[in-house]
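The values are calculated or read from the model by the stated rules, or taken from the named source; none is laboratory data. In this text the structure is predicted, and so the values were computed from the model without any measurement. When we count neighbours, we look across all protein chains shown, and the Cβ atoms used for this are built from the backbone with ideal geometry, even at glycine. Surface accessibility is based on the protein's heavy atoms, side chains included, excluding ligands, DNA and RNA. Shrake-Rupley method; radii C 1.70, N 1.55, O 1.52, S 1.80 Å.
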Amino acid sequence: MKEKRSAIKLNKNLIIGIVLLLLVSTPVVISFLWMPYDVNSMDSSVILTPPSIKHWFGTDNFGRDIFCRVIEGTRSTFMIAIFTVAAGAGIGCILGALTGYYGGVVDEILMRVNDCLASFPSILLALVVVSILDKGIFNVCIALALVFIPSFARIMRSEFIEQSKRDYVLNAKLMGASDFRIIFIHIFPNTFKALLTAMLVGLNNAVLAEAGLSFLGLGVEPPNPSLGRMLSEAQVYIWGAPWYVISASAVMIIAILGISLVSENFGAPAFNLKKIKRTVANARLGETTDKKNSDNEKENILNVENLHVGFISDSGINEVINGINFSLDKGEILGIVGESGSGKSMTALTVMGIAPNTSVITHGKIYYEGRDITDLGESEYCKIRGKEISMIFQEPMTSLNPLHTVGEQIDEVLDLHASYLSAGEQRQRVIAAMADTGLKDPDQLYNKYPHELSGGMRQRIMIAMAVIAGAKIIIADEPTTALDAGLADVILEIFRGINEKYGTSIILISHDLEVIAKICTRALIMRDGIIEEEIGVPFETPKSEYGKKLLEAAYADKSYVEEFCLSDGRDADVADGSGGNKKDSREIIMSARDYNVFYRVRNGLFKKKSLRQVNFDINMDIRRGDCVGLVGESGCGKTTFVKGVAGLQKYTSGIMELKGGKPAFVFQDPLSSLNPSKTVGWILEETLKINTDLTKIERIDKIKSILKAVDLDDTLVERKVTDLSGGQRQRVSIAQSIILKHDLIILDEPVSALDVTIREQILELLMRLKKEYDLTFIVISHDRRLINRICNVVYHMEEGRIQKVR
Amino acid sequence: MNWYLKKLISFIITILSVAILSFVMFQVIPGNAAIARLGTEATPEAVEALNKEYGYDKSLPVRFVNWLGGAVRGDFGKSMRYETMTVAELIKGRLPVTLTLAGMSVILIILIAIPLGILTTRDPGGTADRITDGSMVAVMAIPSFVQGILITFVFGIVLKMFVPGGYVDPSKNLSGFIGFMLFPAISVALPKVAMTVRFMKTRVKAELGKDYVRTARAKGNTTRRVMWGHVFKNSLMPVITFVGLIVAEVMAGSIMIEQVFNLPGMGRLLVTSIANRDFNVVQAIVIYIATAVIFVNMIVDILYKIVDPRNIT
């Protein structure tokens, strides 16, 4: 149901802004061709006359026509502002780009200078520069440009830092692009939007600043007009000739109002959220749901009937849940399984009544204990949340309020739903609930802040919060995904314990079938906002096509090792013996000896730099045709190590030898590793452009053949990466990694961001290409099952050290 | 190292950099001040005498150390325009005017902006939000001096609530002085109120999208309780920093508004001194203002650290 926005709809305020700007700029444009009076010609017969047909805005103290002077003043004010923004943005961008990209000492110094400049009020800085350079339009331009450079530099710096974190920058480095090319051709186009907004805001401020300077008599020199200059002259005649002040200020206000309306509403949505919500809710009121299985109500604690939920956008309402029906029995643990975007979390949030503000229920009903809670008022719903139904989220760190102690946060539930308890009783209950979840020393923990606890402890706090008011339903949305594998099992056991002890019904949402299998008795398989099927757990044979695929993929055990890693000219028994390499005749293409990687840590400009070691004494040989697996928990140093293999680490010791040049990379998330502002063709061609001398025609041929090799249609070359599906994108990354005939390819979680149903296809493609092109793989993953299926050599990494597992 | 000590050192370094920067800008770049003052046709003897009088004949480092030594004690030398007056004397009477104006403005900003911010964020898209939003856009679009002129016109001339261009010395009539400062302070504060409200709005909006807010709602907090108990405190932190940053802009606003209301503050002195190319005075004022701004920001940093438990290590 996802629709692309077809046409840009204009926001009302944006239109007003554009109209205001046109109102001011049209006379200015005409004035280049024709002007009723000379701006500086004086006429003593019409001194300070009020507006008339002859002089639309009246005349000033020298008998000059105010209308003409206002237009001329607007012109010079805007010329100065445009020059200022252009110069400021130009220099600021370059400074920001360089400091943001390179970082280091230069960045540190420039940021300090920036801090110093920020402590000068901007107008003061301009004043100072003008006072040194002396008055005059040109000097005003220079002064203002100088004032505006730091703000542009700051904006661009943070943009560049942000962009540099993306994998596409790393990817560009890996393909051998020069820094200059990366900065200006790869990154720069991705900062356009931020730059444009900054320029509009800058234009606004520049107009104000020029007016301010001229008002103080330090800007445009008399007799030439500028808006600020005229205002300072007009101020004297505020008594006798108010039209002078009014006309000058009105034009200025209209102009600035126009700019700020445009800059603020640029890209803002055009719909009225409240109005749409009201309409949808009213339409739904007439709807009659045939309230079936009313006998079952006593058994079912929760009923969801024909629920449709959509997000409101400019193109209408995009439904993300398309009519789901399910019920939850008392004391049951129900699983909801599906991939990201399947609507499982939205279902949970909608049941809780805390779905995002832009979403709306378009059809259907939700019943809790037989009571219709679909359109419950906020205050009524609040009595249900936390007391009757409570919820636990994926990320316990961000889900807790950083400014309150964890004890207070659990206590708050009692404040809301059991306020009859005394403070002492409340505290006792909180501590009991904390102990219930297996937390040690709950008395001490009560006064700790979330950041002082570990991930597992935080999730226990969340659980304590969910059970403390005696909720009958707990909805847990991916409660173990952010935790380590061992810890996840413990948390699941806590859920089972709560379920058994209190008879609490639990809805467990997860993408991971194994998690569901551990404690659920029944599961719903969701996809694209519908329930594909209801399945018994331990998993029965799925009835739906999708269910079959999902289970197949999750429990796939086809091993690729024999066919793709253990063929070509070596004895199979070599593979398992770590000491039996003598017989292996294959060429060693990567060899690490006592290899260490460090990060440089800097705490401040004047602090000594120190090195923190990330990888320790790594010894590894990789032979041609190997598929080497590297497993370990996130943060153990896997990625650091392979970046070292690619020669991207600055601080290393020991030996890292590569035969056949640098390796190529395939990243986890192609959306991040492929430049979002470029087309598929451009990305593939860029690699060839930098590394080969092929002609344009040869390059295009090559791209066509490589797209064919990864089973993509060559019409895709014109498409942007953002318009492709997840599978197509990963195929493009793979195409890019093999286009130069690298020997060694590093695959960093190559399939974990993909839908389970296409994982297998990509795996097959990778292994086929491995054989076809005689490639050697290093595969990083936290998924041991996957590694065991495709790798003939496996290393486990823990806290930066490796151990050979196979 | 102690965090507060570090903060203090960084404060001193920043001020020192400002001092060096301003010394270079005003004492080195403009060239020979004596010739600038006496004109190109001055006799060498006169130039030399003047150089000696102002200490221009010494080497740059010596001049810097001398100047800095004086500056620390509040002695910025003589005015280059009013020969009988020292810079300190010129500034002395004017500093309180500007500081009062800036101080009153900051208080007004806090008093007006935060309640307004709460009002608008309580019901996003509601009537109160739309009205404030509209008026804030308008207020930001109008330069502060135009607002000053309009305020003079409406409250001074039409409503006769104060005498435009009038001024009462604080040593003679303190309450009268504060009364006179009120309208200028409003003029300085208004655009910044708008900036602060909008900043608060974006902060609250960002804060509302965070996971802990979802948790707070899942607990059964009403919208109002979510706002007061959770979002408000979290979004107020960056607002504190923002108000610190805005002090610089308040100073800038004061410079402009003193012109509009004819107040004898540092802003007026600055503008006249720039016109007279009286760099000793300009430099002193620049340093005073920068020091004030940096000092306030240091205080804000310290406040921030005290309020936020994550900073306690």
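Summary table
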{"quantity": "Pairs with Cβ under 6 Å, 6+ apart, first in the stretch A:771-791 and assigned to a helix (DSSP H, G or I), second surrounded by 24 or more Cβ atoms within 10 Å (Cβ to Cβ)", "calculated": "A:787/A:629; A:790/A:627"}
{"quantity": "Lone unmet requirement of (1) small (Gly, Ala, Ser); (2) more than 10 Å from chain A (Cβ to nearest Cβ); (3) open to solvent by 30 Å² or more (accessible area, probe 1.4 Å) for residue B:275", "calculated": "(2)"}
{"quantity": "Scan of the stretch A:9-35 for residues that are among the polar types (S, T, N, Q) and within 30 Å of residue A:313 (Cα to Cα), ordered by number", "calculated": "A:11, A:13"}
{"quantity": "Hits in the stretch B:149-167 (condition: open to solvent by 20 Å² or more (accessible area, probe 1.4 Å) and either in a helix (DSSP H, G or I) or in contact with a Ser or Thr (Cβ under 9 Å, 6 or more places away or on another chain) (or both))", "calculated": "B:150, B:153, B:154, B:155, B:157, B:158, B:162, B:164, B:165"}
{"quantity": "Residue in the stretch B:297-310 that is under 21 Å from residue A:213 (Cβ atoms) and in a helix (DSSP H, G or I) present", "calculated": "no"}
{"quantity": "Among the residues listed as A:442, A:402, the single one being open to solvent by 10 Å² or more (accessible area, probe 1.4 Å) and more than 13 Å from chain B (Cβ to nearest Cβ)", "calculated": "A:442"}
{"quantity": "Residue within the stretch A:179-190 that is polar (S, T, N, Q), open to solvent by less than 20 Å² (accessible area, probe 1.4 Å) and under 23 Å from residue A:729 (Cα atoms) present", "calculated": "no"}
{"quantity": "Residue pairs meeting the criteria (Cβ under 7 Å; at least 6 apart or on separate chains; first within 9 Å of chain A (Cβ to nearest Cβ), in the stretch B:2-24; second open to solvent by 70 Å² or more (accessible area, probe 1.4 Å) and not hydrophobic (A, V, I, L, M, F, W, C))", "calculated": "B:14/A:115"}
{"quantity": "Among residues of the stretch A:229-245, those that are of a type outside the set (Ser, Thr, Tyr), touching a residue at least 60 places away in the same chain (Cβ under 8 Å) and open to solvent by less than 40 Å² (accessible area, probe 1.4 Å), counted", "calculated": "4"}
{"quantity": "The stretch B:220-250 - residue that is over 21 Å from residue B:205 (Cβ atoms) and open to solvent by 10 Å² or more (accessible area, probe 1.4 Å) and, of those, nearest to the other protein chains (Cβ to nearest Cβ)", "calculated": "B:249"}
{"quantity": "Odd one out for residue A:235 among (1) closer than 30 Å to residue A:208 by Cβ; (2) away from every other protein chain (no Cβ under 11 Å); (3) modelled with pLDDT under 80", "calculated": "(2)"}
{"quantity": "Near pairs, Cβ below 6 angstrom, 6+ apart or cross-chain, from the stretch A:610-631 (among the aliphatic types (A, V, I, L, M)) to any residue that is part of a loop (DSSP other than H, G, I, E, B) and open to solvent by less than 50 Å² (accessible area, probe 1.4 Å)", "calculated": "A:614/A:637; A:614/A:800"}
{"quantity": "Single unsatisfied condition, residue A:402 versus (1) at pLDDT below 90; (2) part of a helix (DSSP H, G or I)", "calculated": "(2)"}
{"quantity": "Among the candidates A:116, A:93, residue that is within 14 Å of another protein chain (Cβ to nearest Cβ) and either within 25 Å of residue B:288 (Cβ to Cβ) or open to solvent by 10 Å² or more (accessible area, probe 1.4 Å) (or both)", "calculated": "A:116"}
{"quantity": "Top-ranked residue in the stretch B:144-189 [being free of Cβ contacts under 8 Å to residues at least 24 places away in the same chain and within 12 Å of chain A (Cβ to nearest Cβ); ranked as farthest from residue A:215 (Cα to Cα)]", "calculated": "B:158"}
{"quantity": "Only listed residue being free of Cβ contacts under 8 Å to residues at least 60 places away in the same chain and surrounded by 24 or more Cβ atoms within 10 Å (Cβ to Cβ), chosen from A:128, A:85", "calculated": "A:128"}
{"quantity": "Qualifying residues in the stretch A:728-758 (those that are open to solvent by less than 10 Å² (accessible area, probe 1.4 Å) and in a helix (DSSP H, G or I)) - the one nearest to residue A:174 (Cα to Cα)", "calculated": "A:737"}
{"quantity": "Residues of the stretch A:352-380 classified as open to solvent by less than 60 Å² (accessible area, probe 1.4 Å) and within 14 Å of another protein chain (Cβ to nearest Cβ), total", "calculated": "11"}
{"quantity": "Flag if residue A:386 is at positive phi, in contact with a Lys or Arg (Cβ under 7 Å, 6 or more places away or on another chain) and either away from chain B (no Cβ under 11 Å) or not basic (Lys, Arg) (or both)", "calculated": "yes"}
{"quantity": "Residues that are within 25 Å of residue A:421 (Cα to Cα) and assigned to a helix (DSSP H, G or I), drawn from the stretch A:459-487", "calculated": "A:460, A:461, A:462, A:463, A:464, A:465, A:466, A:467"}
{"quantity": "Only one of A:672, A:705, A:653 that is hydroxyl-bearing (Ser, Thr, Tyr), closer than 16 Å to residue A:747 by Cα and out of contact with any Leu (no Cβ under 9 Å at 6 or more places or on another chain)", "calculated": "A:672"}
{"quantity": "Breaking point among (1) facing another protein chain (nearest Cβ under 8 Å); (2) surrounded by fewer than 24 Cβ atoms within 10 Å (Cβ to Cβ); (3) in contact with a helix residue (DSSP H, G or I) (Cβ under 7 Å, 6 or more places away or on another chain); (4) farther than 26 Å from residue B:68 by Cβ, for residue B:297", "calculated": "(4)"}
{"quantity": "Residue list for the stretch B:243-284, filter: closer than 20 Å to residue B:20 by Cα and over 12 Å from the mean Cα position of the chain (by Cα)", "calculated": "B:270, B:274, B:277, B:278, B:279, B:280, B:281, B:282, B:283, B:284"}
{"quantity": "Set A:33, A:23: member being of a type outside the set (Lys, Arg), open to solvent by 40 Å² or more (accessible area, probe 1.4 Å) and modelled with pLDDT of 90 or more", "calculated": "A:23"}
{"quantity": "Any hit, the stretch A:420-428, residues being assigned to a loop (DSSP other than H, G, I, E, B), open to solvent by 10 Å² or more (accessible area, probe 1.4 Å), in contact with a helix residue (DSSP H, G or I) (Cβ under 9 Å, 6 or more places away or on another chain) and more than 29 Å from residue A:510 (Cβ to Cβ)", "calculated": "yes"}
